[in-house]
Amino acid sequence: MTSAEPVSGPDAALCDALATEYGVVYGYGLVSAYSLPEFNDLVVTTIRQHRERRDQTIAMLTGRSVEVPLAAAGYQVPIPVTTSNDALRLAIRMENDTATAWRAVVEQAREASDREFAATALGQSAVLAAHWNQALDNWPITRAFPGGED
């Protein structure tokens, strides 16, 4: 059963984070296709985390009788990808975008379990962004406050 009411507050933030996860799972298909074989293990680890998080978020929303947004048939990536380095830059961008989405959930969560889930997701995205930054020899490899500009 789903609600016919518009989603707001913490559930809206969860829906937004889910939409971001959908796009990231799609985007990692491009990362996988264009990145060098030496990055295959990192791609596999990363996409597995995002798929698991997507599925857990769907379960959370379903458990609350919140209408779960559907994934789009396709997504426009924020940067063109034609080389392995482009693919790594896309991975970094997606992890930063995901961190931003989960930070919003942390900030809006009313339940401790939601805040814990979102904080874990935020931390995982920050760590993955650091791995991708390291692979691309970017410096610094981390941000002081992942998911934000502060």
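The values are calculated or read from the model by the stated rules, or taken from the named source; none is laboratory data. The structure presented is a predicted model; accordingly, all values stated were derived computationally and were not measured. Every residue, glycine as well, gets a Cβ built from its backbone with ideal geometry; the counts of neighbours run over all protein chains shown.
With respect to the conditions (1) modelled with pLDDT of 95 or more; (2) farther than 26 Å from residue 80 by Cα; (3) in contact with a helix residue (DSSP H, G or I) (Cβ under 9 Å, 6 or more places away or on another chain), residue 93 falls short on a single one, namely (2).
If you go through segment 45-57 and keep only what is farther than 11 Å from residue 25 by Cα and either among the basic types (Lys, Arg) or surrounded by fewer than 18 Cβ atoms within 10 Å (Cβ to Cβ) (or both), you end up with 45, 55, 56. Scanning segment 109-130 for residues being part of a helix (DSSP H, G or I) and surrounded by fewer than 18 Cβ atoms within 10 Å (Cβ to Cβ) gives a total of 8.
Conditions (1) in a helix (DSSP H, G or I); (2) in contact (Cβ under 8 Å) with a residue 40 or more places away in the chain; (3) not aromatic (Phe, Trp, Tyr), marked per residue:
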position	(1), (2), (3)
60	yes, yes, yes
68	no, yes, yes
76	no, no, yes
91	yes, yes, yes
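Flag not set for residue 21, criterion: loosely packed, with under 15 Cβ neighbours inside 10 Å, among the acidic types (Asp, Glu) and modelled with pLDDT of 95 or more. Find the residue count for segment 85-95, including only residues that are in contact with a Pro (Cβ under 8 Å, 6 or more places away or on another chain) and surrounded by 18 or more Cβ atoms within 10 Å (Cβ to Cβ). Final tally of qualifying residues: 1.
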